[in-house]
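Reading through the structure tokens given below for one structure.
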Amino acid sequence: MKIITVIASPQKYGNCSTIVKEMTKGIQENNGENTIYYVDDMNIKPCQGCKACRNPKKPSKCIINDDFRKIMDEMEKSDALIFAAPNYFGEINAQGHIFMDRFYSMTKSTPNQLKGDKKAVIIFTYGAKTGTYDEYIHKRARLFESIGLKVHEILSVGDGKPLSGNSEELLEKARQIGREISVKRNDEEYEIIRILRSKDRVLRAEIMSDELKKKITKLEMKRLDEMVPVINKGLKQAFDEKEAIAVVIDNTDVDVSIEEYTPSLTLQSNKGTIIGEEIYDPDELEELKHNPNVYFISDYFATYPNLSVPGEKQFFVVSKLEGELDYEDELKNSVSRMVISSPSTEADHYIKKILNIPQKEKITTLIIGFTE
Ligand SMILES: Cc1cc2nc3c(=O)[nH]c(=O)nc-3n(C[C@H](O)[C@H](O)[C@H](O)COP(=O)(O)O)c2cc1C
């Protein structure tokens with residue numbers, strides 16, 4: 001599970017940081033990952049009230065180009081947000097307010113509200129007696145609900161704890177919250193998995209572990225050492241999404257005509273020029289086969305030697321797949337973002353091996369990245 005934490009206190013060893021440190025231990029016990037950001041170290045402006053995010057004609061993401069965009073991107077890909085702020089003069093401190101100001105661009109009146117079942121944990125620390133600011137912080141927590149998060153827990157911690165000591169109970173509570181928000185979801189809880197598993201030719205659809213993703217990335221990297229390097233851009237895009245699914249499809253009894261193939265491989269120069277591409281359209285193929293400026297390196301891969309400039313590097317690029325599955329729209333509708341990619345033969349064999357699937361040519365693997 002992927003969690004991000006935003007700490008509004010500028011103090012790296014203060015009360016907020018100490019509680020977050022313990023929460024992180026709980027997250028790590030479940031093999032979750034917590035990325036911590038300090039607002040004070042980032043370039044984040046308060047909301048400018050321009051309302052571009054709720055323009056009725058073309059609502060956009062927040063148009064201020066600063067580090068909040070990065071945090072917003074991370075939030076979209078995370079399972080939970082932990083927010084920790086100290087009390088300065090009876091309220092969340094200034095850094096916390098600046099960060100929360102920008103939630104304006106993520107409420108229901110914008111297209112940017114967070115989707116999926118994401119949790120929020122709010123930590124508020126202060127010097128006064130524990131409980132003094134419960135009402136205040138519960139009110140502020142509503143803002144987190146307004147951007148699509150489900151508040152899992154509010155830790156309202158006073159008495160200068162935990163640095164003042166006597167806080168083992170509190171720190172254990174922090175670790176426990178960390179464990180709770182990082183419990184791995186059952187695969188079947190994802191609608192996209194349920195849809196995939198209901199399809200006839202899908203033998204397996206499994207959420208990929210981080211280790212498996214790393215292994216597959218490593219296998220893909222090996223292709224960079226080939227004579228003409230192969231860059232699997234589609235797979236990278238899929239892995240950039242919050243989760244990835246290894247989908248094994250059995251095409252044994254299916255005769256897919258060449259015309260239905262979707263091109264995904266191109267030969268490019270380092271300047272971005274397309275020097276070669278897959279062609280499956282019969283008319284286009286016929287025409288190109290008679291073109292003296294076109295050279296076919298295989299039955300369906302045309303290259304354009306005229307566009308090749310001496311000295312420029314060339315590499316194959318594998319793009320994401322579009323129109324690969326009949327039920328692609330159904331899958332897309334179950335998530336907010338989705339990328340279908342095709343792994344290398346070696347990665348395909350590896351996935352089939354660990355899933356105990358026979359190594360047959362007509363049984364192929366796809367990797368689908370998605371963010372709920
Ligand atoms: C500028 C400033 C103002 C503060 N105002 C209050 C306050 O009004 N009420 C309170 O209970 N504590 C107040 N405190 C104490 C802090 O809220 C408390 O020490 C908090 O746990 C600090 O968190 P940190 O160590 O993560 O920075 C204040 C501290 C500072 C530095």
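Scanning the stretch 222-253 for residues that are open to solvent by 60 Å² or more (accessible area, probe 1.4 Å) and either at pLDDT 95 or above or outside the structural domain of Ile363 (by TED's automatic domain parsing) (or both) gives Ile231, Lys233, Lys236, Gln237.
Evaluating Asn43 against the criteria (1) within 25 Å of Thr110 (Cβ to Cβ); (2) within 16 Å of the ligand (Cβ to nearest atom) leaves one unmet condition, (2). For the stretch 6-35: of the residues being open to solvent by 70 Å² or more (accessible area, probe 1.4 Å) and within 23 Å of the chain's Cα centre (by Cα), which is nearest to the ligand (Cβ to nearest atom)? The selected residue is Lys25.
Yes/no matrix, rows are residues, columns are (1) open to solvent by 10 Å² or more (accessible area, probe 1.4 Å); (2) in contact (Cβ under 8 Å) with a residue 24 or more places away in the chain; (3) within 23 Å of Glu241 (Cβ to Cβ); (4) within 16 Å of the ligand (Cβ to nearest atom):
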| residue | (1), (2), (3), (4) |
| --- | --- |
| Ile64 | yes, yes, no, no |
| Asp67 | yes, yes, yes, no |
| Met75 | no, yes, yes, no |
| Ala85 | no, yes, no, yes |
| His97 | yes, yes, no, yes |
| Gly116 | yes, yes, yes, no |
| Val121 | no, yes, no, yes |
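Taken over the stretch 99-114, the criterion of being more than 16 Å from the ligand (Cβ to nearest atom) and under 20 Å from Glu153 (Cβ atoms) is satisfied by Met100, Phe103, Leu114. Pairs needed: first member in the stretch 123-141, at positive phi; second member anywhere, assigned to a loop (DSSP other than H, G, I, E, B); C-beta distance under 8 Å; at least 6 residues apart or different chains. Going by the 8 Å Cβ cut-off, the qualifying pairs are Gly131/Gly158. Residues that are modelled with pLDDT of 95 or more and open to solvent by 20 Å² or more (accessible area, probe 1.4 Å) within the stretch 350-359 comprise just one, Tyr350. Do the conditions hold for Glu211, that is, is it open to solvent by 70 Å² or more (accessible area, probe 1.4 Å) and without any contact (Cβ under 8 Å) to a residue 60 or more places away in the chain? So Glu211 fits the description; yes.
Residue by residue through the stretch 174-188, note down the ones that are closer than 23 Å to Thr35 by Cβ and away from the ligand (no atom under 16 Å from the Cβ). Hits for the stretch 174-188 are Arg175, Gln176, Ile177, Gly178, Arg179, Glu180, Ile181, Ser182, Val183, Lys184, Arg185. Glu372 falls short on exactly one of the conditions (1) open to solvent by 70 Å² or more (accessible area, probe 1.4 Å); (2) in contact with a Gly (Cβ under 7 Å, 6 or more places away or on another chain), and that condition is (1).
A single member of Ile193, Ile177, Ile147, Ile154 is hydrophobic (A, V, I, L, M, F, W, C) and in the same structural domain as Asp329 (by TED's automatic domain parsing), and it is Ile193.
Selection of helices (runs of 4 or more DSSP H) fully inside the stretch 158-273 by the criterion of at least 1 residues being of a type in the set (S, T, N, Q) and in contact with a strand residue (DSSP E or B) (Cβ under 6 Å, 6 or more places away or on another chain) returns 233-240. Taking the stated definitions as given, is Ile137 away from the ligand (no atom under 16 Å from the Cβ), open to solvent by less than 70 Å² (accessible area, probe 1.4 Å) and in a helix (DSSP H, G or I)? Answer is no for this residue. For the stretch 146-171, the candidate set comprises residues that are among the acidic types (Asp, Glu) and touching a residue at least 24 places away in the same chain (Cβ under 8 Å); within that set, the residue that is nearest to the ligand (Cβ to nearest atom) is Asp159.
The values are calculated or read from the model by the stated rules, or taken from the named source; none is laboratory data. Because the structure is predicted, anything quoted here is derived from the model rather than measured. Every residue, glycine among them, receives a Cβ derived from its backbone with ideal geometry; neighbour counts consider all protein chains shown. Ligands, DNA and RNA are excluded from the accessible area calculation, which covers all protein heavy atoms including side chains. Shrake-Rupley method; radii C 1.70, N 1.55, O 1.52, S 1.80 Å.
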